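Here is the structure we will look at.
The values are calculated or read from the model by the stated rules, or taken from the named source; none is laboratory data. Computed from a predicted structure; not experimentally measured. Ideal geometry is used to build each Cβ from the backbone, glycine not excepted, and the neighbour counts take in all protein chains shown.
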């Protein structure tokens, strides 16, 4: 399943300098494909193509852009099972989840971008003139491995809708679904140079994109450490930088909530995508008096998880993406034990009966304090930290005691009380009482969780410049 070419200027082309990387199936630990690793020269070739294309694509009518988006949507729907299976193979997401969430949510972003574009007013009178919004230009998009197509779509869809041209660098760990997606874009008839894909690693291709003088904007999703590096490189050319970075979201269960239901729901939310999810509620904050009942409910929730072959539709949790991610999570689980947290469920090592693949035991710690590593670091694995509080003010203080601010969660039978608590959480998105994902509402972080917003009209406007015409 080799994908050794890049998609540049409307064609599949060889890299300037041949260099290959194996792609591993995390359920088998075996290589099943190869990609090429790009270079600065490949990025430059893509940037030049995108710059040439921008001159004409930026003037394409809204009507014609909607036609392109609709063709992508149709192609995506037709190949959705294939896209889902590819994500299962490349990053271990169970096939049912990959189909119903990974691939389907990615499709949602194109549907939403089309909806926003159809109704958007690019000019409006203001004061003594007109405010006009125009596409920002050539956009470099750097995406992660945990939601391979969701993160691609959340950037590519609004960029193309806005009239921008793009260069995409998907994660080299899970790049194959993006290569299939490039085929869909090509078949949709997007003009040459508007959409380009260059595979590669962060230190080479990612940094070349961030610093390239022909790229007007860079949108990055990944770790906070890498995001800082991207921002520094982008500063030399004064690029717009949009970033969605790490998270350490708190889930505040208030005393009046249905405790058992809230805990079970919270455990499963923490374990979404095997915990490889930036907004996962990894810190569960509970009234101290409800400690024992919480531990019992959390253990029950863990017992319902079906670990196994991600190609089996019955599996609800697959492996982590790689050996390095597996080892990182093992080290953090061990740190929780060493620092004195109470092990409620799980622990170190592989689950029973799974001796191959990067599987981790779904783990719950209780009696966690804010000083412990598992309470402060983004684990990116199925590890939940339960922390106790004595008052609502203390719960909010614990929730905000983090350098991150991506999301928050509040559970209460009193919606007004939940809203009051949500207003005090320093995060870009707060979910009340298990509310579902909403593709139309803005997504992004406070503090070291990033800047800018994705999804809906807010994500669309990230790719627009504002011009005032006076007189």
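Data overview
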{"item": "Tally, over segment 1-31, of residues that are under 17 Å from residue 174 (Cβ atoms) and in a loop (DSSP other than H, G, I, E, B)", "result": "7"}
{"item": "Checking residue 456 against (1) surrounded by fewer than 22 Cβ atoms within 10 Å (Cβ to Cβ); (2) out of contact with any helix residue (DSSP H, G or I) (no Cβ under 8 Å at 6 or more places or on another chain); (3) closer than 30 Å to residue 132 by Cα, the condition it does not meet", "result": "(2)"}
{"item": "Qualifying residue in segment 24-42 (condition: within 25 Å of the chain's Cα centre (by Cα) and closer than 20 Å to residue 160 by Cα)", "result": "no"}
{"item": "Some residue of segment 205-223 being within 27 Å of residue 329 (Cα to Cα), surrounded by fewer than 24 Cβ atoms within 10 Å (Cβ to Cβ), touching a residue at least 12 places away in the same chain (Cβ under 8 Å) and in contact with a strand residue (DSSP E or B) (Cβ under 8 Å, 6 or more places away or on another chain)", "result": "no"}
{"item": "Matching residues, segment 431-446, being surrounded by fewer than 21 Cβ atoms within 10 Å (Cβ to Cβ), farther than 21 Å from residue 118 by Cα and under 17 Å from the mean Cα position of the chain (by Cα)", "result": "436, 437, 446"}
{"item": "Selection within segment 22-51 - over 18 Å from residue 93 (Cβ atoms) and in contact with a helix residue (DSSP H, G or I) (Cβ under 6 Å, 6 or more places away or on another chain)", "result": "38, 40, 43"}
{"item": "Residue pairs meeting the criteria (Cβ under 8 Å; at least 6 apart or on separate chains; first on the phi > 0 side of the Ramachandran plot, in segment 347-360; second not in a loop (DSSP other than H, G, I, E, B))", "result": "347/333; 347/337; 347/363; 349/330"}
{"item": "Some residue of segment 124-141 being touching a residue at least 12 places away in the same chain (Cβ under 8 Å), closer than 24 Å to residue 198 by Cβ and surrounded by fewer than 24 Cβ atoms within 10 Å (Cβ to Cβ)", "result": "yes"}
{"item": "Failed condition for residue 343, given (1) within 30 Å of residue 288 (Cβ to Cβ); (2) touching a residue at least 40 places away in the same chain (Cβ under 8 Å); (3) in contact with a strand residue (DSSP E or B) (Cβ under 9 Å, 6 or more places away or on another chain); (4) surrounded by fewer than 20 Cβ atoms within 10 Å (Cβ to Cβ)", "result": "(2)"}
{"item": "Conditions (1) over 24 Å from the mean Cα position of the chain (by Cα); (2) in a helix (DSSP H, G or I); (3) surrounded by fewer than 24 Cβ atoms within 10 Å (Cβ to Cβ): number failed by residue 327", "result": "(1)"}
{"item": "Unique match (being surrounded by 24 or more Cβ atoms within 10 Å (Cβ to Cβ) and either at pLDDT below 95 or more than 17 Å from residue 259 (Cβ to Cβ) (or both)) among 278, 270", "result": "278"}
{"item": "Residue ID - nearest to residue 64 (Cα to Cα), chosen from residues in segment 107-135 that are touching a helix residue (DSSP H, G or I) at 6+ places or on another chain (Cβ under 8 Å) and assigned to a strand (DSSP E or B)", "result": "135"}
{"item": "Residue 20 vs. criteria out of contact with any strand residue (DSSP E or B) (no Cβ under 7 Å at 6 or more places or on another chain) and on the phi < 0 side of the Ramachandran plot", "result": "no"}
{"item": "Sole residue being surrounded by fewer than 24 Cβ atoms within 10 Å (Cβ to Cβ) and touching a strand residue (DSSP E or B) at 6+ places or on another chain (Cβ under 6 Å), chosen from 250, 261, 231", "result": "231"}
{"item": "Residue list for segment 21-42, restricted to those being surrounded by fewer than 16 Cβ atoms within 10 Å (Cβ to Cβ) and under 14 Å from residue 204 (Cα atoms)", "result": "41"}
{"item": "Test for residue 421: is it crowded, with 17+ Cβ neighbours inside 10 Å and closer than 30 Å to residue 159 by Cα", "result": "no"}
{"item": "Of residues in segment 371-413 being part of a loop (DSSP other than H, G, I, E, B) and touching a helix residue (DSSP H, G or I) at 6+ places or on another chain (Cβ under 6 Å), the one surrounded by the fewest Cβ atoms within 10 Å (Cβ to Cβ)", "result": "390"}
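The rows are residues; the columns are (1) assigned by TED's automatic domain parsing to the domain that holds residue 315; (2) part of a strand (DSSP E or B); (3) within 30 Å of residue 365 (Cα to Cα).
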position	(1), (2), (3)
168	no, yes, no
173	no, no, yes
186	no, no, no
218	no, yes, no
232	no, no, no
241	no, yes, no
260	yes, no, yes
266	yes, no, yes
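Residue-by-condition table, conditions (1) crowded, with 18+ Cβ neighbours inside 10 Å; (2) over 26 Å from residue 405 (Cα atoms); (3) outside the structural domain of residue 357 (by TED's automatic domain parsing):
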| site | (1), (2), (3) |
| --- | --- |
| 274 | yes, no, no |
| 288 | no, no, no |
| 296 | no, yes, no |
| 314 | no, yes, no |
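Each row is one residue, and each column tells you yes or no for (1) touching a strand residue (DSSP E or B) at 6+ places or on another chain (Cβ under 9 Å); (2) buried (at least 18 other Cβ atoms within 10 Å of the Cβ); (3) under 30 Å from residue 305 (Cβ atoms); (4) in contact (Cβ under 8 Å) with a residue 24 or more places away in the chain.
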residue	(1), (2), (3), (4)
1	yes, no, yes, yes
7	yes, yes, no, yes
44	no, no, no, yes
87	no, yes, yes, yes
103	no, yes, yes, yes
